[in-house]
Amino acid sequence: MYNIFMNIKQLLIDSGFRFNKQFGQNFLTDEALLNDICHDAQVNGGTVLEIGAGAGTLTRALSRHADKVIAFEIDRGLERILDVTLNDCPNVKVVIGDVMKYSMPQIEQLCGSAYKVVANIPYYLTSPLIMRFVEESTLAESLTLTVQKEVAERLAAEPSTKDYGAITVAVQSVADVHITRILPRELFYPQPNVDSAVVRVDRRSKFDISSPELFRKTVRAAFAMRRKTLSNCISVGFGISKPQAEQLLARCGFASKCRGEELSVEQFVVLYKAIEREGLK
Ligand code: SAM
């Protein structure tokens, strides 16, 4: 029987498709692995938003597990391939276009209800895409993303490790993050220069953060100078004197010489609330 997953490479060659490096086109073709990713994403009915359909391999797997799949793909050259690979998937709607040019309400209108994002995303889009869905979306329940392994490690990092940084705190303040599997580079076609990992980001309202902008500013300031103490970073970031910053940290119960990377996400929330109470901007 003709199996699209097994024949995808030949289909791409026969159709004269030229891979575009700029779009991060490294495709996954192993059917069992693609089904595993659907399980990692806990897709069991419902609506899925895929970003970057590529040749439609993950899209096809998703269509078996979801009720409805909305799949964006920027490269018009893949449209005719997707017509073939998804021709028996009536629950898939392909949108040819740049997802970053669509507003969040436009994207969510296409989804029509609560949805899960599942995507093997191009490296160049990783941070903007994650931050956008984590911060702006009102209906996304979770994001299960194949990303560069280092990025997954940063998202899931613990305090006081080299991977722990501003993006870790930003994401973990509004979501639980788990790495579900590591994908060696050999699994992709064409093969990239780095290994990847699948990371699931489950959105939760974990903390009462009434000013997300001030919270982001606090986190950015704390990590802006990794070699300096937190009091130094807060003093520079918020334009207050060093003694003022030290008093503020003391009121939070933090050691005077501590560094931003030592604070847990909970402690960052404590710091942000103290900064807010102080009326700093
Ligand atoms: N989902 C496929 C798979 O797993 O084999 C393809 C993954 S490939 C890593 C990323 C895909 O995202 C490419 O097909 C690329 O053309 C597409 N892409 C890149 N930037 C995009 C954007 N801004 N909007 C929509 N699709 C994009």
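Laid out as a table, the results:
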quantity: Accessible area, probe 1.4 Å, largest first, for residues H39, H178; calculated: H39, H178
quantity: Helix 212-224 vs. the chain, principal-axis angle (Cα, 0 to 90°, nearest 10); calculated: 80
quantity: Highest-fluctuation residue, L49, L183, L155 considered, GNM on the chain with Cα pairs under 10 Å; calculated: L183
quantity: Mean separation of Cα contacts under 8 Å, 6 or more apart, over the residue count of the stretch 4-203: relative contact order %; calculated: 21
quantity: Selected from I51, I121, I130 as most flexible by GNM, with the chain as the system and alpha-carbon contacts under 10 Å; calculated: I130
quantity: Histogram of C-alpha separations across the stretch 148-281, 10 Å bin width, %; calculated: 13, 39, 28, 14, 6, 1
quantity: Percent of alpha-carbon pairs separated by more than 13 Å within the stretch 212-277; calculated: 56
quantity: Contour excess over end-to-end distance, with Cα ends at V84 and S256 and 0.36 nm allotted per residue; calculated: 55.7 nm
quantity: Inter-part distance where the stretch 16-80 and the stretch 184-211 are each reduced to a Cα centre, Å; calculated: 15
quantity: Lys, Arg +1 and Asp, Glu -1 on Cβ, resulting dipole of the chain about Cα centre, debye, nearest 20; calculated: 1020
quantity: Accessible surface of the stretch 212-277, 1.4 Å probe, proportion on carbon and sulfur as whole %; calculated: 49
quantity: Relative contact order (%) - the stretch 174-253, alpha-carbon pairs under 8 angstrom, separation at least six; calculated: 21
quantity: Residue among L78, C38, F188 farthest towards the positive dipole end of the stretch 4-203, charges placed on Cβ; calculated: L78
quantity: Nearest 10 degrees, 0 to 90: helix 31-40 Cα axis against the chain principal axis; calculated: 40
quantity: Packing-based ranking, highest mean first, of 252-258, 122-128 given that Cβ atoms within 10 Å are counted; calculated: 122-128, 252-258
quantity: Cα long-axis angle, helix 4-14 against the chain (0 to 90 degrees, to the nearest 10); calculated: 80
quantity: Carbon + sulfur, % of accessible area of the stretch 93-135 - ligands and nucleic acids excluded, 1.4 Å; calculated: 55
quantity: Accessible area per residue, Å², the chain with all protein chains present, probe 1.4 Å; calculated: 47
quantity: Value of relative contact order over the stretch 220-281, rounded to a whole percent, pairs C-alpha under 8 Å and six or more apart; calculated: 34
quantity: Overall Cα dimensions of the stretch 4-203, principal axis frame, Å, largest first; calculated: 51, 37, 29
quantity: Residue among Q25, Q267, Q109 with the largest mean-square fluctuation in a Gaussian network model of the chain, springs linking Cα atoms under 10 Å; calculated: Q109
quantity: Under-5 Å amide H pairs with N20, H placed in peptide plane, nonlocal only; calculated: Q25
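The values are calculated or read from the model by the stated rules, or taken from the named source; none is laboratory data. As the structure is a computational prediction, the values presented were derived from the model and not from experiment. With ideal geometry, Cβ positions are generated from the backbone for all residues, glycine too; neighbour counts draw on all protein chains shown. Side chains included, ligands, DNA and RNA excluded: accessible areas come from the protein's heavy atoms. Shrake-Rupley method; radii C 1.70, N 1.55, O 1.52, S 1.80 Å.
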